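Read-outs: derived from the displayed coordinates by stated rules, not from any lab. What you see is a predicted model; the values in this text were computed from it and never measured. With ideal geometry, Cβ positions are generated from the backbone for all residues, glycine too; neighbour counts draw on all protein chains shown.
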Amino acid sequence: MAEKQVKETGSPIDSITFLGTGGARFMIISQLLATGGLWFNLGGTEFLVDPGPGCIVQATKRKLNPEHLSAIIVSHRHLDHAADVNIMTEAMTRGGFKKQGCLYAPADALNDEPVVLSFLRKRVECVESMEAGKSYTFNSVNFSTPVRHKHGVETYGFVFKTDKHTISYITDTRYFEGLEDFYHGDLLLLNVVFLEPKTLVEAAEVNMPIDHLSVPDAEYLIKAIRPKVAILTHFGMGMWRAKPWETAAKLTEKTGTRVIAARDGQKFRLAELG
Ligand SMILES: [Zn+2]
């Protein structure tokens, strides 16, 4: 079957593999959806974004080889984005026998109560703390961290540029005015944790932070940014119960943009962007 062949090829050139589509605390602790982050292959350069819990399991199960990684990028220090950063660094450097790759993370993930262990930092080629408005290059990949998100801890989304495509990834944040201006691109990846926006009262009742996007935010952002394709991921429990693929179909209708709900293990090929 075609699906089987795809799995066996590991990480095809110009693709994104979803090592998980779950987000926020109840998804992480239940693993109803996996939470391993995103594995990119852009022009043959492989790198990992937001290695959440289970990343090493999801990657090896899907025959992705961590020794092929040139970088690990962490958008922020929350567990669902960074819990497996240490084991993935260990794997990228072949258990420390091969100095390889770069680590990118916000300063607050590297300094006080760091999420990246210090002995592992010596095994990579570089460790960079990211800042708003900066850009970074490794191999043939260039990416920028255009703006600091509103998410409690220091958090950045990414704009990846190749000679063919621009891919924007809006990781965890609450909506703020002008967010859409920073993330133009052919492909828009959106972390949509909530079905509906949470009010402060609702949030207090369940002790839940409200610094996440909801479906109405996604609709607004997709209409404003107008990518060729938008992919929703990082679903919270309510979003999952409402069937993300149905939400994506409604958003496609409302926005006129093709909206996909990512599935665990899905490989999205950039060739689909045309
Ligand atoms: Zn977060």
Ordering of 100-113, 242-255 by burial proxy (mean other Cβ atoms within 10 Å per residue, highest first) | 100-113, 242-255
In whole Hz, what ³J(HN,Hα) sequence does region 13-21 give by Karplus (6.51, -1.76, 1.60; θ = phi - 60°), x for Gly and Pro?
-> 4, 6, 8, 10, 9, 8, 7, x, 10
Mind ordering 134-147, 32-45, 117-130 by average Cβ neighbours within 10 Å, highest first?
-> 32-45, 134-147, 117-130
Take the Cβ-Cβ distance between Asp108 and Ser140 as r, set R0 to 35 Å, and report the resulting FRET efficiency rounded to the nearest 0.05.
-> 0.75
Could you work out the per residue convex hull volume over the alpha carbons of the chain, in cubic angstrom?
-> 123
Charge sum, other residues only, whose C-beta stays under 15 Å from Glu219's C-beta, Lys/Arg counted +1 and Asp/Glu -1 | 0
Report, in deg cm²/dmol and to the nearest 500, the calculated mean residue ellipticity at 222 nm for the chain, where each DSSP H run with n ≥ 4 adds -39500 (n - 2.57) and the sum is divided by the residue count.
-> -6500 deg cm²/dmol
With x for Gly and Pro, the residue-by-residue ³J(HN,Hα) of region 167-179, computed from phi through the Karplus equation 6.51 cos²θ - 1.76 cosθ + 1.60 at θ = phi - 60° and given in whole Hz, is 10, 10, 10, 8, 7, 4, 5, 7, 5, 9, 4, x, 3
Return the percentage of antiparallel bridges among DSSP beta bridges fully within region 20-104, rounded to the nearest 5 %.
-> 45
Point-charge dipole on Cβ atoms (K/R +1, D/E -1) for region 1-155, about Cα centre, debye to 20 | 280
Kirkwood hydrodynamic radius over Cα pairs of region 120-167, then Stokes diffusion coefficient at 20 °C and 1.002 mPa s, in µm²/s | 176
Length gained, Val127-Phe26, 0.36 nm per residue minus C-alpha separation, equals 33.3 nm
Charge tally for neighbours of Ala132 with beta carbon under 10 Å away, counting Lys, Arg as +1 and Asp, Glu as -1, is 0
Partner aspartates and glutamates for Lys98 [C-alpha distance under 20 Å; skip if fewer than 8 residues away on the same chain] | Glu46, Glu67, Asp84, Glu90, Glu125, Glu128
Using a simple charge model, +1 on the beta-carbon of Lys and Arg, -1 on the beta-carbon of Asp and Glu, nothing else, what dipole does the chain show about its Cα centre, in debye to the nearest 20?
-> 780
Using a ≥ b ≥ c from the Cα gyration tensor of region 141-194 (square roots of the eigenvalues), is it rounded, prolate or oblate, where a/c under 1.5 gives rounded and otherwise the larger of a/b and b/c decides, a/b for prolate?
-> prolate
Once the dipole of the chain is set up with Lys and Arg at +1 and Asp and Glu at -1 on Cβ about the Cα centre, which of Phe160, Gly37, Phe268 lies farthest towards its positive end?
-> Phe268
Report the calculated FRET efficiency for Lys164 and Ile210 (r = Cβ-Cβ distance, R0 = 25 Å), to the nearest 0.05.
-> 0.10
Set Lys and Arg Cβ to +1 and Asp and Glu Cβ to -1, take the dipole of region 1-153 about its Cα centre, and tell me which of Thr21, Gly96, Leu79 lies farthest positive.
-> Gly96
Region 47-105: projected area of the alpha-carbon convex hull, averaged over directions, in nm² = 3.4
